[in-house]
Amino acid sequence: MEVIYKFLFSGPVFHQLWYSFSDDVSSSFFRTPIIEQVTSTILSIFSLQQLFEIDLLILAYRARYGVQLEKGAFEKRTADFLWMMIFGAISLLVLSAIPLFKLSFLGIPMVSMLLYVWSREYPNSQINMYGLVQLRSFYLPWAMLGLDVIFGSPLLPGFMGIIVGHLYYFLAVLHPLATGKNYLKTPKWVHSIVARYKIGVQANSPVRPAANGGTGAFRGRSYRLNQ
């Protein structure tokens, strides 16, 4: 599982957000005898395993555009990318507090937000979806919603991602271009996190990594001569 993750999500921020112990927790839970029997019975009756595999493939298809976004438009802008993810996570939590948009799991909306931002950064790229349909990347988030309809997946997660993605792109790109005012500028504390833990690279960062202290054996006070 972790090898597949590192292949699909190879950006430095994605690596920092990956917790390898999730495999141990899930495997130890689903391999207990009772849980194994119950889940195998349910999967054999309702064919949920095939649906899960389809959803996983669609999720991985969407998530790879987040990696391309980090390596493309956000190259050497790790702090900005991290701030976008923080903003997206907070916005999705606020949005999910509304009864109409209530969701328990926000992973798919988060990935859909990254997909939407990527489609706005590269609106004229040609996308070949599964070798069946070719379209401009600007329409890709809406095409993925269409796939959700075809496979019977709920529309709400993807739609929430589009809402938050458009909110971020408007505040971070469109509004500053129109007015010259950026209300979503990356805070200094995010730059500090990137600099302290050396996550990726941030060009023109207001915070620099702390320089190492002297390497000599003696670090005492200095005195003027003849004092």
> Expressed in nm to one decimal, what extension gain is obtained for the pair L103 and H166 from 0.36 nm per residue of sequence separation less their Cα-Cα distance?
Replying inline: 20.8 nm
>> Could you work out how much longer the chain between E75 and Y139 gets when fully extended? Use 0.36 nm per residue separation minus the Cα distance between them, nm to one decimal.
In response: 20.7 nm
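Report, in listed order, any pair from K102/K188; K102/K198; K71/K198; K71/K188 with a Cα-Cα distance greater than 27 Å.
Violating the 27 Å limit, Cα to Cα: K102/K188; K102/K198.
Only the coordinates and a few stated rules stand behind these numbers; no lab work does. Predicted, not measured: the structure shown is a model, and the values here were computed from it.
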